[in-house]
Structures are given as C-alpha cells and as structure tokens.
Amino acid sequence: MNRIVKLSDIRTIAELYKTSVLKAPAAGQAKGKPKPTYLDRISLFQGDITKLEVDAIVNAANKSLLGGGGVDGAIHAAAGRGLLDECRTLNGCDTGFSKITGAYELPSKHIIHTVGPVYSSSSVETKAQQLASCYQTSIDLAVQRSLRHIAFPSISTGIYGYPIKDATHIALDVVRKHFDSEGESTFKLDRAIFVVWSDKDKFVYESLIPEYFPPSESVTEETVEGESESQSEPVPESHIEDDQGEVEQAKEGHTTKD
C-alpha cells in the first residue's frame, strides 16, 4: 500500500485504552503516576514508517549513515538519492548518537539518523546506556529544531540482536522521563510514535506501554462502560475485517527493523 499516513490517522494510546487494545497494568506494575495529558501524546502504529507524514521519523542507521539493511535500507530507498548525498557530508555517526537530515521524497519533514548498539550479553549495561542515548539524542534534536512529532522504529532489535522486550523498556522509559521533565502544561513534543512491523513486536509494546503510561481513572471508567454497551450490541460479521489487511511491505527485500 502506498497511502500516506497522516498524524490524524494514528491512534493515541488514549484511544487504544478506550477500545480495550491496551489494558491497565496490574497492581504495583506501573512505573509512573497516571498523567492524562500523556495519553494523547503517545501512539503505537503498526506499519511502514516511510509512509508517515510527521515532523521527523527516526532511522536505525549504521555508523556510516550511508544506508544498509532493515529500516535503514527502506528509508534510503524511499527517500531517494538526495538523502545519500546529504548523508555523505555528515562524516558518519558514533553509536548512541544521532544526526538529522532532510527527508527528500518521504512525506515526513526530517529524518533523524541514530546508531544503535550491537547487543552483547557481556556488556548489557553499556549497551542499555547506548540504546537509551539513541532515543534521548533523537528527542533532543527534534526539540532543538522545534519539531512537534517524532516516530521511532524499534532500534537495534533486528540484525543488531537487542532483545525486543529489553529494548522496549528502554524506549518507553526514555520517553516517559522526557515527558516528566517537560511537565504537563508546557511541552515541546506533541506526539511520540512507536512504529512496529511484526505482530510479535506489537504485542510487546501493547503489554509494556501501560507500565510507563498507565490510564487515568476516567479513561478506565469509559472503557468499562463501553465494554458493557458493546456486550449488548453484537457486531455484524460483515463489519469484521482482518486488521492486518492494510499492513504490507513498503520496499521489497527490506524489513522495518535494524
């Protein structure tokens, strides 16, 4: 599918709670207090990151910044030759850091290239710090450029071998801490979007998001009321669709993970 995905098409986690896609965390599992304003600023999207019409998408790049496999190759292929030409001027990038370019033929305004760590069980703490830095330096660049929304792939969880659950904890923790540092009334990022490709990765995010961004009581009450109403109104079979019908590979031969 070649349809551009606008920000308004991407559901927030507030909407995911109301439709019971996300569930409140078990007692004692929440890693932060419920913040109602956060729920409209976080999204989980399954699909092709190169189709998102947002201020910035993040590319899980290698140190050369000249393209590679996974999401890196997909982004370079979709953006066109101009991206490679600009990346040649950047002199690469170290692990845990990020650099920004134009988006060229992509619908997003910018691409933030970050170099994730290659996972090693013998240096877990160092790798975790480097991965956290990928997310933080990407956010820092977005804020410095006054960009209001940023979309992240699951950095380092492809050929770099980072365990998806561990990596997701790190991603959510960094974004939660950034939101906490901004406060609830004045904030510089309107939306942080976590983009996944596989059902497996989607399940991990759905299971962990509630720990870092738990729902408020009002959202929980609305969900319970909605479930009660839906139980008395069965959905006609003609309205039931395969929710994977619109998820397809953007570039043949590429995945959306690195």
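Between amide H atoms placed 1.01 Å from N, distances below 5 Å from Q46 occur with V196, all of them 5 or more places distant or on a separate chain. Centre-to-centre separation between the Cα atoms of the stretch 37-58 and those of the stretch 162-205: 10 Å.
Shape call for the stretch 40-206 from the C-alpha gyration tensor, a ≥ b ≥ c root eigenvalues: rounded (a/c under 1.5), prolate (a/b greater than b/c) or oblate? Note, shape of the stretch 40-206 comes out rounded. Backbone phi angles across the stretch 63-78, fed through the Karplus curve with coefficients 6.51, -1.76 and 1.60 (θ = phi - 60°), yield HN-Hα couplings of 4, 6, 6, 9, x, x, x, x, 4, 4, x, 5, 5, 4, 5, 6 Hz in residue order; Gly and Pro are listed as x.
For the stretch 52-60, putting each phi into the Karplus relation 6.51 cos²θ - 1.76 cosθ + 1.60 with θ = phi - 60° gives couplings of 7, 9, 10, 5, 8, 10, 9, 9, 7 Hz, in residue order, rounded to whole numbers and with x for Gly and Pro.
3J(HN,Hα) couplings calculated from phi for the stretch 36-44 with the Karplus curve 6.51 cos²θ - 1.76 cosθ + 1.60 (θ = phi - 60°) are, in sequence order, x, 5, 5, 5, 8, 10, 10, 9, 10 Hz; Gly and Pro show x. Among G92, V195, I164, whose Cα projects farthest towards the positive end of the dipole of the stretch 40-206, with charges put on the beta-carbon of Lys, Arg (+1) and Asp, Glu (-1)? Ranked along the dipole, the leading option is G92.
Take every DSSP beta bridge whose two residues both sit in the stretch 40-206, then give the antiparallel share in percent to the nearest 5. Within the stretch 40-206, antiparallel bridges account for around 25 percent of the total. For the stretch 32-75, the list of trypsin sites (Lys or Arg not before Pro) that fall in a loop by DSSP and count at most 12 other C-beta atoms within 10 angstrom reads K63. Computed extension length for N2-S123: 39.5 nm, one decimal, from 0.36 nm per residue of separation with the Cα-Cα distance subtracted. Of the residues T126, L147, G68, the one whose Cα sits farthest toward the positive end of the charge dipole of the stretch 40-206, with +1 on the Cβ of Lys and Arg and -1 on the Cβ of Asp and Glu, is G68.
A cut-off of 5 Å between modelled amide H atoms, ignoring neighbours fewer than 5 places along the same chain, links L52 with V5.
Bear in mind these aren't lab numbers, they're just calculated from the coordinates by the rules spelled out. Since the structure is predicted, the reported quantities are computational estimates derived from the model, not experimental observations. Neighbour counts run over all protein chains shown; Cβ positions are idealised from the backbone, glycine included.
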